[in-house]
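Asks: Starting off with a structure, shown below.
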Amino acid sequence: MNDISQDPAALPTLRDVPDWRYMLQEYDELYRYLPAGGSDRIASHQRKVREAISRLLKRNATVALQPQSSKPVTAHLRRALSEGRQGTLAPAVRALDAIAPLLSWQYGYEKVPKGLQQNYAFAELAGFNGPIVSEEIILGVVLFAPGCTYPAHAHSGITESYVCLSGAVSENHQGVYVPGSMIYNPPEHLHRITVGKREPALLAYAWMGSREDLRDQKMVFTRTRK
């Protein structure tokens, strides 16, 4: 596998590994055609995500593949992809399926919160450490097992959005998000995610913020008030 510490000139680019370029193009489609529901803030975020993706495509970004790794929850990935291929965002799911064997699934915490070890993991698709090398946007996918509860947390300086690819989730018990819907979280917004009990949920995500905030982002969980 490639490593970002290597000479960038020796690493492949999006033109060399077209499956990664197709995945990036599908992200652009998601943020171009999914409705903003009349929200100027969401529309602005979607535009900024598209502009960042466009710059990655135009400069033929470096692809630094990370060592492939799995987590217990990835036992649900095949089901999530199969369900997603039946939905409205099937092209994005098929593009993800093409690179699935190369993904590096992570927890993202030094100490994984109780109950998440079996039920959650994410894989970055673009960011400071790759696979698609970017310093202005982080893109990835997150997989939740059926019945998972992702604890309340917030992101400092980061505007975050999720696009549901398969399954169904709720955020803060305020509405249900199914394939083709988007969740928008402005910086510092405390949010908690719950997942339907019958099927896994697969979500694409995008983080936008300053280079400093993206590089140094730390996840902080907060106890919810009863």
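Asks: Mind checking which residues of segment 182-201 are part of a loop (DSSP other than H, G, I, E, B), open to solvent by 30 Å² or more (accessible area, probe 1.4 Å) and within 25 Å of E29 (Cα to Cα)?
Replies: P186, P187
Asks: Hey, can you tell me all the residues within segment 191-211 that are touching a His at 6+ places or on another chain (Cβ under 8 Å) and among the aromatic types (F, W, Y)?
Replies: W207
Asks: Could I ask something else about it? For segment 62-94, which residues satisfy the criterion of being basic (K, R) and surrounded by fewer than 20 Cβ atoms within 10 Å (Cβ to Cβ)?
Replies: Taking segment 62-94 first, the residues basic (K, R) are 71, 78-79, 85, 94.
Correct list: R78, R79, R85, R94.
Asks: Also, quick follow-up: Do you know which residues across segment 95-107 are in contact (Cβ under 8 Å) with a residue 60 or more places away in the chain, of a type in the set (G, A, S) and surrounded by 15 or more Cβ atoms within 10 Å (Cβ to Cβ)?
Replies: Result: A95, single match.
Asks: Out of (1) at pLDDT 95 or above; (2) among the β-branched types (V, I, T); (3) under 27 Å from F144 (Cα atoms), the odd one out for T62 is which?
Replies: Every condition holds for T62 apart from (3).
Asks: While we're looking at this one, here's another question. So which residues in segment 120-178 are more than 15 Å from the chain's Cα centre (by Cα), surrounded by fewer than 20 Cβ atoms within 10 Å (Cβ to Cβ), touching a residue at least 40 places away in the same chain (Cβ under 8 Å) and not in a strand (DSSP E or B)?
Replies: E135, P146, G147, S156, G157
Asks: Something else: Hey, which of the helices (runs of 4 or more DSSP H) in segment 1-114, taking only ones fully inside, have at least 3 residues that are over 30 Å from K197 (Cβ atoms)?
Replies: Numbers: elements: 18-33, 40-58, 77-84, 90-99.
Output list reads 18-33, 40-58.
Asks: Considering only segment 154-162, I want to know if a residue exists there that is closer than 19 Å to Q46 by Cα and of a type in the set (A, V, I, L, M, F, W, C).
Replies: Step one: list which residues in segment 154-162 are closer than 19 Å to Q46 by Cα, which gives 155, 157-162.
Still in the list and also of a type in the set (A, V, I, L, M, F, W, C): 158.
Looking through segment 154-162, at least one residue is closer than 19 Å to Q46 by Cα and of a type in the set (A, V, I, L, M, F, W, C).
Asks: Criterion first (closer than 27 Å to T159 by Cβ, in contact with a helix residue (DSSP H, G or I) (Cβ under 6 Å, 6 or more places away or on another chain) and without any contact (Cβ under 8 Å) to a residue 40 or more places away in the chain) does D28 satisfy it? If you could, list the steps in order and put the result at the bottom.
Replies: Working: closer than 27 Å to T159 by Cβ: yes; in contact with a helix residue (DSSP H, G or I) (Cβ under 6 Å, 6 or more places away or on another chain): yes; without any contact (Cβ under 8 Å) to a residue 40 or more places away in the chain: yes.
Against the criterion (closer than 27 Å to T159 by Cβ, in contact with a helix residue (DSSP H, G or I) (Cβ under 6 Å, 6 or more places away or on another chain) and without any contact (Cβ under 8 Å) to a residue 40 or more places away in the chain), D28 qualifies.
Asks: Can you tell which of R50, R94, R32 is of a type outside the set (F, W, Y), in contact with a Lys or Arg (Cβ under 7 Å, 6 or more places away or on another chain) and over 16 Å from S161 (Cα atoms)? Lay out the reasoning, then the answer.
Replies: On the way: R50 fails: over 16 Å from S161 (Cα atoms); R32 fails: over 16 Å from S161 (Cα atoms).
Just one listed residue meets the conditions, R94.
The values are calculated or read from the model by the stated rules, or taken from the named source; none is laboratory data. Given the structure is predicted, the values throughout are model-derived calculations rather than measurements. Quick reminder, even Gly has a Cβ in these numbers, built from the backbone with ideal geometry, and neighbours come from all protein chains shown. Heavy atoms of the whole protein, side chains included, go into the accessibility calculation; ligands, DNA and RNA do not. Shrake-Rupley method; radii C 1.70, N 1.55, O 1.52, S 1.80 Å.
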